[in-house]
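Just so it is clear, none of the values below were taken in a lab; they were calculated from the coordinates. Just so it is clear, the model here is predicted, and its values are computed rather than measured. Positions of Cβ are generated from backbone atoms using ideal geometry, with glycine treated the same way; all protein chains shown enter the neighbour counts.
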Amino acid sequence: MATLTATGQPDYHMYFAPFVEGFRYVKANDEESLKQSITPEVCAIMVEGIQGEGGVIPLDREFVERLASLAMEHDILLIFDEVQTGNGRTGDFFSYQGFGVCSDLVTTAKGLGGGLPIGALLANEKCSSVLTPGTHGSTFGGNPIACAGANAVLDIVTEDGFLEQVGRKGDKIRQTVAGWKLPIIKDVRGKGLMLGIEIKDISTKEIMAGLLEKGLVILTAGTNVLRLLPPLTITDSEIDQGLRILYKHLVNL
């Protein structure tokens, strides 16, 4: 319930009330909105380096630096939600590292297990003594198979050059799509292999369905964004194949 409350997406708030109290929402990259929300009772700020469900909206470096500065100034914990952006997805191991700031707490899951169900909460020294052994138990928490899968993923993602190739491939996709100059495309944004293509005038769900028939699996985000989250191990030839399918589909709409 706390996680559902934390998300700023109204669609996830439709059927699960009443929610946990105490959450307020700040507009991405809006420093004034951030300042107005900081009051003496605020204990933590939770943020995504790239707003995934909101439409693949990367935060500005200046905004994140100011956010981190305000958190330190007011003794507020800084929490980075790295469930979608973490484990190499953006070309940094965690997205917050790309902003040059530190985080008190980091949540991670999804890519951590390479498909196996696992999640983790990382804490710095300031918070490390809060949850002591036995404080937060789980019947299946840290099961051996999921942890072995996570170790295998981490071995690969931390290999020399792995994160660099994620960044390079992401740049290739983003620059190629932007270079098409198609009227249907309003914007191409993101970082690493977490990319969004903002579409004008046509339903992204219809585009997604049409591409699936042609063998290309994509997602949607926000109201009008095609979300690209290819495997971090995708090859250049697979990227070229996917881009050909995407271009032929979009150009014929």
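In terms of overall dimensions, the C-alpha atoms belonging to the chain reach 56, 43, 37 Å along their principal axes, ordered largest to smallest. The distance linking the range 104-124 with the range 158-233 is 24 Å (Cα centroid to Cα centroid, whole angstrom). Derived scalar couplings between HN and Hα for the range 88-100 equal x, 4, 9, x, 9, 4, 10, 5, 5, 5, x, 9, x Hz in order, rounded to whole Hz, by the Karplus curve 6.51 cos²θ - 1.76 cosθ + 1.60 (θ = phi - 60°), x for Gly and Pro.
With a Förster radius of 22 Å applied to the beta-carbon distance between MET14 and LYS205, the computed FRET efficiency rounds to 0.80. With the simple spin-label model, which puts each label point 7 Å out from Cα in the Cβ direction, the LEU116 to MET1 separation comes to 3.3 nm.
Based on C-alpha pairs under 8 angstrom that are at least 6 apart in sequence, the range 162-251 has a relative contact order of 25 percent. Taking the average, over residues, of other Cβ atoms within 10 Å as the packing measure, peptides 194-205, 240-251 rank 194-205, 240-251 from highest down. The calculated 222 nm mean residue ellipticity attributable to helices in the chain amounts to -10000 deg cm²/dmol, summing -39500 (n - 2.57) over DSSP H runs of n ≥ 4 and dividing by all residues. Of all the options ILE57, ILE173, ILE185, the one that moves most in a Gaussian network model of the chain with Cα springs shorter than 10 angstrom is ILE185.
Working from label points 7 Å from Cα in the Cα-to-Cβ sense, the CYS127 to GLU213 distance is 4.6 nm. Entry for the range 162-251 at q = 0.10, 0.12, 0.18 Å⁻¹: log10 I(q)/I(0) = -0.22, -0.32, -0.74, Debye formula applied to identical alpha-carbon scatterers, no solvent contribution. Annotation: for a label point projected 7 angstrom from Cα along Cα→Cβ of HIS74, residues of the range 47-63 with backbone N closer than 16 Å are 47, 63. Here's how it looks for GLN51: its modeled amide H is under 5 Å from those of ILE57, LEU59, which are all 5 or more places away or on a different chain. Note on the chain: Lys pairs 8 or more places apart or on different chains, Cα atoms under 13 Å apart, count 6.
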